[in-house]
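The values are calculated or read from the model by the stated rules, or taken from the named source; none is laboratory data. Note that the structure is predicted; figures quoted are calculated from it, not measured. All Cβ positions, glycine included, derive from the backbone under ideal geometry; neighbour counts span all protein chains shown. Calculation scope for accessible area: heavy atoms of the full protein, side chains included, ligands and nucleic acids excluded. Shrake-Rupley method; radii C 1.70, N 1.55, O 1.52, S 1.80 Å.
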Amino acid sequence: MKKEEQFPDFRTLCDIAKLFASCMNDYLYVMDLTHDVYFITENALNRFALPANTFSDTRNTFRSFVHSEDIDMLLADLDEIISGKKDEHNLKYRWLGVDGYPVWINCRGNLLLTAAGTPHLMFGCINEIGNSQTAADNISGLLGESSLHERIRQLMPSLKEAMFMRLGIDEFKLVNERHGTDYGDFVLREVAACIKRSLGPGQYVYRIVSDEFMVLDLSGANYNEMNRLYHRIRSEVDDLVSREHYKAIYTISAGLVALKDTDGKQHDYTGYSETMKLSEFALSEAKTKGRNQLYFFRQEDYSAFLRRRYLNSCLSQAVSDNFRGFELNFQPLVTTKEEGLYAAEALLRFRTPADELISPIEFIPLLEESSLIIPVGRWIIRNALAFCKTMRERYPKFRVSINLSYIQLLKTALFDDIKGMLDELSLPPDCLITELTESGHLEDSAAVRSVWSKLKAIGVGIALDDFGKGYSNLTNIGNLRPSIIKIDRSFTLKALENSYEFDLLLHIIKLVHNLGLDLVVEGIETSDELARITLLKPDYIQGYYYSKPCTQKEFMNKYKET
């Protein structure tokens, strides 16, 4: 690590990197840690899915071409460098190639410091790992991916009946961490031997990357025969673990791709990268479904995976682009006493850049899985409260209800966020109702109870949503002590169609009222439904009878002050 004044500036370093680029196969880069700018020599654009060879907003841009499983590791390493905990960068991980297939790289870099001693520039080199492997590697004794690629190229286009079984050692990272890389190499070598012993005529094995292997079947085997092959390999690996007296516990998963069951692109040489993507997906599915099993590739599963990946990309881009594509709709809650407007529930909507309206059932789980629900959740709270402030100019006691995710409760300072926004907008806490859907997460959750208690203490309303659906539990009423219970439409419909369910709902409403709580019946769509449910004397009604969820402008036009 050297002081800045002893070395050229960012632009000069970029010019030096350009001079060397023409005489080397590797890629040189310069990263300005102070101004968040990244440069890499132009030859990288021909190999990797980079947006440009110079870009800013590096953390978000890295997400577009760094493998999703490796991005957190990279960002954590950079954070340690920027904070001064590390003085060099040396990391092996994956970038996406221009064909979308992951490429392993080794990225190294040295730091240049400012005169004050803080990290300023990082200058380094990126080289691909194993991309030119044509002979057997020293660990497994197997040929590498480039040899597999060449074999397939020679056999095209007569591969229509070929099968690819991609195998991976489960928990291999733990083997290295607990027993060292020497023992890890031993495991790789012995697992490779297990696979080789299990193969029949017309079957060949290659080491693809790290702890993953590929069996190429050219024998014309069917699914049952490939299933038996996998179980032979699994049995061999189990015996290996036993012979080693369970020093390390690991299993083997596999994903099987038959070219005849794909969409046909793989029958050409140009489809090799696509075939490898499908095999990687198939292995990932086997691991996701519990490991130590064989997953048979299904085109519909892969299409669903691509759909999720596309929507994740759209959602991430929307958050980065000031939440473009997100919109709040509002549905009224009406009092049963004089059918007056009481509140509105804020409901999130999302459109892709292609103007496709996505169902919340589809995109909300993706927001939660990716933790994007955290920034989106803050956006919902802020915009819902701003709407409430506007509505209060017409209806002074108007309230707004928002749905909260369990992720927000666990991973954010939710109480501080809500309190801060209320203060910022000069709104009283009782203008807000927070809803949490009943689920198994609610039970015995100290985190939920703590946030709920703080919100209740300042006057925020607490609603238990979807009561009567799936996970309903009267214990939650005791644990969380909500101020409002919302009856799910599925329960409402049962009560309207069945006298027993109707009586059950009546007793629940009486119980809720005896506890001093309010009750909302959701899903009322017709005047007949309204008349029957009104007999039960709920406090509030929500449903299409009064209004479908609508935009803020539509809502305000519908509820003009009279």
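Would you mind checking 86/173; 397/560; 196/260; 510/537 for any pair whose Cα atoms are more than 19 angstrom apart?
86/173; 196/260
For the stretch 335-420, what is the convex hull volume of the alpha-carbon atoms per residue, in Å³?
141
Using a 1.4 angstrom probe and counting only protein chains, how large is the accessible area of residue 78 in Å², to 10?
10
Please give, to one decimal in nm, the separation of the simple spin-label points placed at residue 553 and residue 114, each 7 Å out from Cα toward the Cβ.
In this crude spin-label approximation the distance works out to 4.6 nm.
So which trypsin sites (Lys or Arg not before Pro) in the stretch 40-107 pass both tests, a DSSP loop state and at most 11 other Cβ atoms within 10 Å of the Cβ?
Qualifying residues, ordered by number: 85.
How large is the accessible surface of residue 12 in square angstrom, using a 1.4 angstrom probe and rounding to the nearest 10?
60
So, in nm, how far is label residue 181 from label residue 150 when the simple model puts each one 7 Å beyond its Cα toward the Cβ?
Taking the simple label geometry, residue 181 and residue 150 are separated by 2.6 nm.
Work out the length of the dipole vector of the chain about its Cα centre, built from +1 on the beta-carbon of each Lys and Arg and -1 on the beta-carbon of each Asp and Glu, and round it to the nearest 20 debye.
Dipole size: approximately 420 debye.
Using DSSP loop states and a limit of at most 12 other Cβ atoms within 10 Å to flag GluC sites (Glu not before Pro), what is the longest stretch of the chain containing no flagged site?
For GluC sites (Glu not before Pro) (loop position, at most 12 other Cβ atoms within 10 Å), the longest site-free span of the chain is 70-337.
Per 0.36 nm of contour for each residue apart, how much would the distance between residue 98 and residue 528 grow if the chain were fully extended, relative to their Cα-Cα spacing?
148.8 nm
Which Cα, out of 224, 111, 328, lies furthest along the positive dipole direction of the chain (beta carbon charges, K/R +1, D/E -1)?
Ranked along the dipole, the leading option is 328.
Any chance you could get the radius of gyration and Dmax over the Cα atoms of the chain, in Å?
For the chain, the Cα radius of gyration and maximum Cα-Cα distance read 29.6, 86 Å.
Per the 1.4 Å probe, what fraction of the accessible area of the stretch 345-468, in percent, lies on carbon and sulfur atoms?
53
Note down the accessible area of residue 488, probe 1.4 Å, to the nearest 10 Å².
Per-residue accessible area (residue 488): approximately 20 Å².
Accessible area, 1.4 Å probe, largest first: how do 23, 14 sort?
The most accessible residue leads, giving 23, 14.
Which aspartates and glutamates, on any chain, are close to residue 247 with Cα under 17 Å apart, when same-chain ones fewer than 8 places away are left out?
Within reach: 170, 171, 177, 182, 185, 190, 236, 238, 239.
Suppose the chain between residue 298 and residue 321 were pulled fully straight at 0.36 nm per residue; how much longer would it get relative to their current alpha carbon spacing?
4.8 nm
Counting only other residues whose beta carbon sits under 15 Å from that of residue 293, what net charge do I get with K and R as +1, D and E as -1?
+3
Tell me, in nm to one decimal, what length is gained between residue 80 and residue 59 on full extension, where the rule is 0.36 nm per residue of separation less the Cα-Cα distance?
6.2 nm
Determine the order of 197, 298 by accessible area, beginning with the largest, at a probe radius of 1.4 Å.
197, 298
Please determine, in degrees from 0 to 90 and to the nearest 10, the orientation of helix 414-424 with respect to the longest principal axis defined by the Cα atoms of the chain, where the helix direction is its Cα long axis.
Between the helix axis and the principal axis of the chain, the angle is about 60 degrees.
Which trypsin sites (Lys or Arg not before Pro) does the stretch 324-400 hold that lie in a coil by DSSP with at most 10 other beta carbons within 10 Å?
Answer in residue order: 337.
How would the stretch 506-555 be classified by its alpha-carbon gyration tensor: rounded, prolate or oblate, with rounded meaning a/c under 1.5 and the a/b versus b/c comparison settling the rest?
Here the stretch 506-555 falls in the oblate category.
What does the charge add up to near residue 346, with Lys and Arg as +1, Asp and Glu as -1, over the other residues with Cβ less than 12 Å from its Cβ?
Neighbourhood net charge equals 0.
At residue 90 and residue 23, where each label point lies 7 Å from the Cα along Cα→Cβ, what is the point-to-point distance in nanometres?
Each label point lies 7 Å from its Cα, and together they span 2.6 nm.
Against the longest principal axis of the chain, how steep is helix 360-370, in degrees 0 to 90 to the nearest 10, with axes from Cα atoms?
In the chain, helix 360-370 runs at an angle near 50 degrees to the longest axis.
If the cut-off is 18 Å between C-alpha atoms, which lysines fall inside it for residue 85, apart from same-chain ones fewer than 8 positions away?
Reachable lysines: 2, 3.
Using a 1.4 angstrom probe on the protein heavy atoms only, could you order 310, 230 from most to least accessible area?
310, 230
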